[in-house]
Amino acid sequence: MKKSTFVAMILGTIGGILFALGMCMTLIPEWNAFQPGVIMGVVGAVVLLIMVLVWRKMENKEPIKLSGKTIGATLIGIVGALLLGVGMCLTMVWSNMVVGIIVGIIGIVVLLCLIPFIKGLK
């Protein structure tokens, strides 16, 4: 395993755990930890951003250029993840099974649309 891959794996794991735990702390009212959850989620997101920058530097890759396609792919990914998450919440938290499954499937389809958007069709 290359050193850059190992560093990215470690930072990605730490950032992902911090972000996920922060979101749980924020969204589960029984924990009464909204403000610390927001702080922990932001710390996790910052660690994940640092992971991307460190990995790209170690792989000698050029910085990410902001273009319309990059912004569009990011927005499609955000919308797809939010739809999938809302579908899961509808199903598991609010006991609205049919609507939750439909919204979740729409989120999965939106996320699958990223593949042809980024790679293109041949």
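Work out the P(r) tail for the chain: percent of alpha carbon pairs separated by more than 24 Å, whole number. Intermediate results must be reported in sequence, preceding the final value.
Working: 3406 of 7381 pairs.
Counting every Cα pair in the chain, those more than 24 Å apart make up 46 percent.
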* Asked: Cross-link list 2/122; 65/119; 3/119; 57/119; 2/61: which exceed 25 angstrom alpha carbon to alpha carbon?
  -> 2/122; 3/119
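Which of the helices in the chain meet the span-like rule: DSSP H, Cα axial reach of 27 Å or more, Kyte-Doolittle mean at least 0.0? Walk me through the intermediate numbers first.
Working: long enough: 3-27 (36 Å, 1.68); 34-58 (36 Å, 1.78); 68-92 (36 Å, 1.70).
Correct list, ordered by number: 3-27, 34-58, 68-92.
Read-outs: derived from the displayed coordinates by stated rules, not from any lab. Source: prediction; values computed, not measured.
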